[in-house]
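Enquirer: Dumping the structure here so I can ask a few things about it.
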Amino acid sequence: QKEVEQNSGPLSVPEGAIASLNCTYSDRGSQSFFWYRQYSGKSPELIMFIYSNGDKEDGRFTAQLNKASQYVSLLIRDSQPSDSATYLCAVSFSGNDMRFGAGTRLTVKP
Amino acid sequence: ETGVTQSPTHLIKTRGQQVTLRCSSQSGHNTVSWYQQALGQGPQFIFQYYREEENGRGNFPPRFSGLQFPNYSSELNVNALELDDSALYLCASSWDRGETQYFGPGTRLLVL
């Protein structure tokens, strides 16, 4: 079974802090990794994707991938209350079978 | 806004009924994937359509079926509805079976 695991949270950080969200996956053949943000009652919104080992930065967001450890993370710098949402990690095994974790609920307190 | 639209936004059905959900992909996208998201869970892949053909299917029974039309819009049909089918149904579009997918707003289905 190809699994994607995330801590369900809630993860609470103060405004301005760094939020660190983690995800592990079971299939070593995974090729592509995605982070989605989902506000309550809304659909997932793509934040970032990463394909290669290392870091990828986009504004306040940094995705980190370590294929040897089967681990992908998302760092949110200078967290804002508007970042409060559920963050979904998604892993693509074959291009047409995207697997999602259950999500980590993040709360940023003013 | 992703440009992906879904209808209806909400739907209430009873057990045993059939339902059809609709999705219009983002302009230029020829691939549509459907997902089921139960409360508190991540989306689960149902199937994907590419150029009017099914291109992969998740672990869902045959009573979940779909179509894609020449304009790349898509339908999800669910027969013999069960209580556990209550969920948010999401479609996502992409270009050429690409993994970078953009979600529509979803259809919330309640089965009583």
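Enquirer: Quick one: in segment A:36-71, of everything that is among the aromatic types (F, W, Y) and closer than 16 Å to A:L21 by Cβ, which residue is nearest to the chain's Cα centre (by Cα)?
Expert: Of everything passing the filter in segment A:36-71, A:Y36 is nearest to the chain's Cα centre (by Cα).
Enquirer: Shifting gears a bit: So in segment A:98-110, with the set limited to residues that are at the interface with another protein chain (Cβ under 7 Å from one of its Cβ atoms) and open to solvent by less than 20 Å² (accessible area, probe 1.4 Å), which one is nearest to A:G29 (Cα to Cα)?
Expert: For segment A:98-110, the residue satisfying everything is A:M98.
Enquirer: I would also like to ask the following. Here are some residues: B:Y72, B:Y50. Which one is under 18 Å from B:S7 (Cα atoms), open to solvent by less than 80 Å² (accessible area, probe 1.4 Å) and hydroxyl-bearing (S, T, Y)?
Expert: Just a single option satisfies the conditions, and that option is B:Y72.
Enquirer: Among the residues of segment A:19-44, which ones are part of a loop (DSSP other than H, G, I, E, B), touching a residue at least 24 places away in the same chain (Cβ under 8 Å) and in contact with a Pro (Cβ under 8 Å, 6 or more places away or on another chain)?
Expert: A:P44
Enquirer: Can I ask one more? Tell me the residue from B:R51, B:R15, B:R22 that is among the basic types (K, R) and in contact with a Ser or Thr (Cβ under 7 Å, 6 or more places away or on another chain), please.
Expert: B:R22
Enquirer: Taking only pairs six or more apart or across chains, which ones have beta-carbon atoms under 6 Å, a first residue in segment B:42-55 that is within 19 Å of B:L88 (Cα to Cα), and a second residue that is among the acidic types (D, E)?
Expert: What qualifies is B:F45/A:D97; B:F47/B:E54.
Enquirer: Something else about it: Take the residues in segment B:87-112 that are of a type outside the set (D, E, K, R), closer than 18 Å to B:S7 by Cβ and open to solvent by 30 Å² or more (accessible area, probe 1.4 Å); name whichever of them is modelled with the lowest pLDDT.
Expert: B:Y102
Enquirer: I'd like the residue in segment B:18-47 that is closer than 19 Å to A:G101 by Cα, open to solvent by 10 Å² or more (accessible area, probe 1.4 Å) and under 14 Å from the mean Cα position of the chain (by Cα) and, out of all such residues, is nearest to the other protein chains (Cβ to nearest Cβ).
Expert: Selected residue: B:F45.
Enquirer: Using the structure shown, decide if B:E75 is closer than 21 Å to A:P44 by Cα, touching a strand residue (DSSP E or B) at 6+ places or on another chain (Cβ under 9 Å), touching a residue at least 12 places away in the same chain (Cβ under 8 Å) and not aliphatic (A, V, I, L, M).
Expert: When the stated conditions are applied, B:E75 passes them.
Enquirer: Being at pLDDT 95 or above and assigned to a helix (DSSP H, G or I) is true for just one of A:S73, A:S82, A:S12. Which residue is that? Before the answer, list the steps.
Expert: Numbers: A:S73 fails: assigned to a helix (DSSP H, G or I); A:S12 fails: assigned to a helix (DSSP H, G or I).
A:S82 is the lone residue from the list that is at pLDDT 95 or above and assigned to a helix (DSSP H, G or I).
Enquirer: Here is a further query. Return a yes/no flag: does segment A:49-56 have any residue that is open to solvent by 30 Å² or more (accessible area, probe 1.4 Å), basic (K, R) and part of a strand (DSSP E or B).
Expert: yes
The values are calculated or read from the model by the stated rules, or taken from the named source; none is laboratory data. Computed from a predicted model, the values in this text were never measured in an experiment. With ideal geometry, Cβ positions are generated from the backbone for all residues, glycine too; neighbour counts draw on all protein chains shown. We work out accessible area using only protein heavy atoms, side chains counted, and drop any ligands, DNA or RNA first. Shrake-Rupley method; radii C 1.70, N 1.55, O 1.52, S 1.80 Å.
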